[in-house]
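Remarks on the structure that follows.
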């Protein structure tokens with residue numbers, strides 16, 4: 001076994017280096033996960049090694065290195081009492097324990113951010129007690145009495161895995177893949193249409209540090225697998241460094257080409273997959289071969305990551321592409337690149353490759369199959385995954401009631417969101433970045449509270465003013481009725497029907513009909529936003545401005561241009577708008593010229609042809625110097641024009657069905673030979689029948705114009 005003090009010392013040092021890799025895994029995995037889960041990941045990395053130590057000592061070491069039963073399982077050396085006088089066995093146990101802990105830790109990253117802490121302990125126990133020790137016995141089983149004697153059936157076939165590409169890394173990868181499949185992806189990782197959302201880790205520099213720690217620890221991982229302080233160690237370590245560098249470079253460059261940018265995790269996972277891949281053959285390949293093995297592993301890692309995403313499998317830190325893919329490729333590489341004399345199996349290259357594949361497949365069947373059966377059974381009775389609420393909240397708090405300054409800040413903000421209580425400031429942690437955020441947030445809260453107070457005061461004033469206005473509503477209604485006369489009339493050879501129905505005592509519609517000169521009649525219809533008293537006040541504004549401008553004979557589009565600018569100049573603080581349409585009917589030229597400011601489509605019937613006066617131009621009061629265009633159409637004897645506000649069409653019945661323009665289209669088509677007055681009444685009757693008792697929801701105005709001569 002271990003022949004001298006230097007061998008023992010070397011193995012102790014290497015055990016320490018491999019143990020230090022636990023710190024690397026902790027930094028890597030916690031750095032690649034979100035802040036709300038980082039503590040949970042760190043606790044798992046500490047806990048799994050302690051659990052692995054207890055389980056591997058009591059059960060696993062005996063299964064792996066006990067007296068072999070037909071090359072499949074060890075049957076003694078359980079709870080071994082290590083001797084102080086014979087340090088070889090305890091130091092060998094110590095070194096193998098580090099490998100067991102590594103295999104268990106791999107799963108932590110794959111299922112990060114959604115597996116229960118208790119479920120992870122179950123997985124660690126399963127790996128440390130059964131899966132890793134038994135497969136380890138197949139590949140590495142030896143007699144602790146005659147250490148040169150191989151007892152495992154795979155080892156007897158000539159299977160070579162020097163430091164554990166398959167025994168350690170593929171075992172952890174297969175179990176991690178099973179756990180990923182059973183518990184599913186993180187919420188929000190994949191969209192309904194298959195799109196992938198990148199969930200960025202909270203601290204990539206820490207993840208990079210973890211990679212460097214792992215890289216450093218691999219000196220003990222591969223160098224210690226010689227189990228002696230021999231002359232082979234420098235070459236093994238050189239090969240290890242070359243493969244890691246090759247994997248890092250190829251992953252970065254290949255991924256850069258594929259993604260069109262240098263993705264942050266490619267260098268770290270590229271280096272790690274190169275380390276995993278060379279682990280099986282670092283003692284038996286050349287330096288050039290090591291570099292090639294690393295380069296190929298980086299490409300395979302990237303492609304595996306892409307395949308997992310297409311399969312909607314969520315690997316939080318890239319454990320499967322690194323450890324499983326790297327382990328499989330590294331084990332096959334033994335047969336492809338390994339030196340016959342150094343391997344010492346006596347197999348041809350083809351036979352060696354076949355044997356390596358047998359080892360890979362046996363690991364897949366055993367590790368994947370057994371873990372799938374056991375974990376599926378456990379999941380049936382005890383769910384391995386946390387609840388959606390716990391996942392949203394973060395496993396730091398949900399699993400361990402552990403918070404960070406940032407978590408506390410979010411919880412206080414969430415309370416304010418849920419309750420709407422903004423009366424208290426957030427707690428400030430001085431001299432921290434989170435405290436600075438809270439301080440800025442509190443300044444925003446103070447401004448919000450100030451605005452709310454001002455708005456409440458303004459609301460109270462408005463309510464007081466509205467009470468005064470309501471007391472004068474009757475007078476206002478009489479004034480508006482006198483302004484908006486509903487009497488049908490005849491002007492300049494035009495028969496004009498008018499129907500004005502305000503939603504309350506006063507409304508927000510305004511119309512004006514005037515004969516500019518003999519043979520030229522101008523019709524103006526406007527609809528202010530809102531209804532009731534506020535809208536009625538706007539109609540007074542519209543009336544004042546329109547009648548002032550109408551004293552000068554502007555064209556229809558000029559009228560809208562000046563009306564818009566005057567409205568904005570005089571009443572820009574009202575934050576109110578209105579749509580309108582203006583039409584000039586010239587009976588001498590048999591034409592109608594119109595311009596629209598955001599008003600809905602209107603109808604012109606000329607010689608039996610129905611034309612819609614299209615909705616054009618920006619509504620009044622939105623933007624200064626808005627441009628409006630006029631359009632001229634033929635309007636002969638017996639021509640008819642229907643103008644209306646949106647209160648006619650935008651009414652909904654009990655089934656939430658809109659009266660709509662399409663119904664009005666049918667009514668217009670089937671008008672028949674009736675007077676304008678009766679026609680308007682018919683439209684309102686049909687609307688009332690459609691609503692079936694539902695009250696009107698907006699002011700409604702309809703103007704019907706029929707040219708008689």
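Remarks
- Two-decimal log10 I(q)/I(0) for the range 290-360, as the Debye equation yields it once each C-alpha is a single scatterer, q = 0.21, 0.23, 0.27 Å⁻¹: -0.88, -0.97, -1.14
- Inter-label distance for residue 677 and residue 264, nm, one decimal - labels placed 7 Å from Cα along Cα-to-Cβ: 7.9 nm
- For the chain, the alpha-carbon coordinates run over 124, 56, 45 Å along the three principal axes, in decreasing order.
- Cut-off 15 Å (backbone N to label point 7 Å along Cα→Cβ of residue 6), residues of the range 79-96: none
- Counted by neighbouring Cβ atoms within 10 Å, the residues 514, 700 run from fewest to most as 514, 700.
- Hypothetical label at residue 554: residues of the range 576-618 whose amide nitrogen lies under 19 Å (7 Å Cα-Cβ projection): 576-585, 593-599, 616-618
- Global form of the range 486-707, assessed from the alpha-carbon gyration tensor, a/c cut-off 1.5: oblate
- Cα-based shape type of the range 42-197, given that a ≥ b ≥ c are square roots of the gyration tensor eigenvalues and the cut on a/c is 1.5: prolate
- For the range 576-625, the mean projected area of the C-alpha convex hull, equal to one quarter of the hull surface, is 4.2 nm².
- Our summary gives the range 5-391 a relative contact order of 23 percent, counting only alpha carbon pairs under 8 angstrom and 6 or more residues apart.
- Inter-centroid distance (Cα atoms) of the range 205-260 relative to the range 538-573, Å: 78 Å
- Normalised by 2.2 N^0.38 Å, where N is the number of residues, the C-alpha radius of gyration of the range 111-165 stands at 1.50.
- Additional length obtainable on full extension of the chain from residue 449 to residue 46, 0.36 nm per residue less Cα span: 140.4 nm
- Estimated inter-spin distance, residue 611 and residue 486, nm [label 7 Å along Cα→Cβ]: 3.2 nm
- The range 223-275 pair-distance distribution - Cα-Cα, 5 Å bins, rounded %: 5, 22, 20, 15, 12, 9, 7, 5, 2, 0
- Here residue 655 and residue 418 are evaluated by their C-beta separation; at R0 = 41 Å the FRET efficiency comes out at 0.70.
- Annotation: Cα Rg of the range 321-388 relative to the compact-globule expectation 2.2 N^0.38 Å equals 1.61.
- Principal axis box of the range 122-215, alpha-carbon based, largest edge first, Å: 56, 31, 25
- Ordering of 40-50, 104-114, 389-399 by packing [mean C-beta count within 10 Å, highest first]: 104-114, 40-50, 389-399
- Estimated FRET transfer efficiency (residue 383, residue 544; beta-carbon r; R0 51 Å; 0.05): 0.10
- Contact order for the chain, expressed relative to its length and based on alpha carbon pairs under 8 Å spaced 6+ residues apart, stands at 11 percent.
- Percent of Cα-Cα distances greater than 15 Å, calculated over the range 78-129: 56 percent
- Contour minus Cα-Cα distance for residue 667 and residue 232 (0.36 nm per residue): 146.9 nm
- At R0 = 25 Å, FRET efficiency that the Cβ-Cβ distance of residue 562 and residue 591 yields, to 0.05: 0.65
- Eigenvalues of the alpha-carbon gyration tensor of the range 5-391, scaled by 5 and square-rooted, set the equivalent ellipsoid semi-axes at 31, 25, 19 angstrom, largest first.
- Extension gain (nm, one decimal) between residue 425 and residue 306, 0.36 nm per residue minus Cα-Cα: 38.3 nm
- Cα gyration tensor category, rounded, prolate or oblate, for the range 612-686 with a/c compared to 1.5: oblate
- Ranked list, fewest to most other Cβ atoms within 10 Å of each Cβ, for 301, 21: 21, 301
- Every helix of 4 or more DSSP H residues in the chain counts as -39500 (n - 2.57), and over all residues that averages to -17500 deg cm²/dmol at 222 nm.
- Take every pair of alpha-carbon atoms less than 8 Å apart whose residues are at least six positions apart; their mean separation over the length of the range 1-94 yields a relative contact order of 24 percent.
- Each of the peptides 339-350, 634-645 was scored by the mean count of other Cβ atoms within 10 Å over its residues; in descending order, highest first, they stand as 634-645, 339-350.
- Each residue, residue 253 and residue 690, gets one label point 7 Å from its Cα in the Cβ direction; the gap between the two is 7.0 nm.
- Taking the fewest neighbouring Cβ atoms within 10 Å as the starting point, the ordered list for 132, 254, 69 is 69, 254, 132.
Just so you know, all these numbers are worked out from the coordinates, no wet-lab data involved. Everything quoted here is computed from the prediction, not taken from an experiment. Methodologically, a virtual Cβ is constructed for each residue, glycine included, from the backbone with ideal geometry; neighbour enumeration extends over all protein chains shown.
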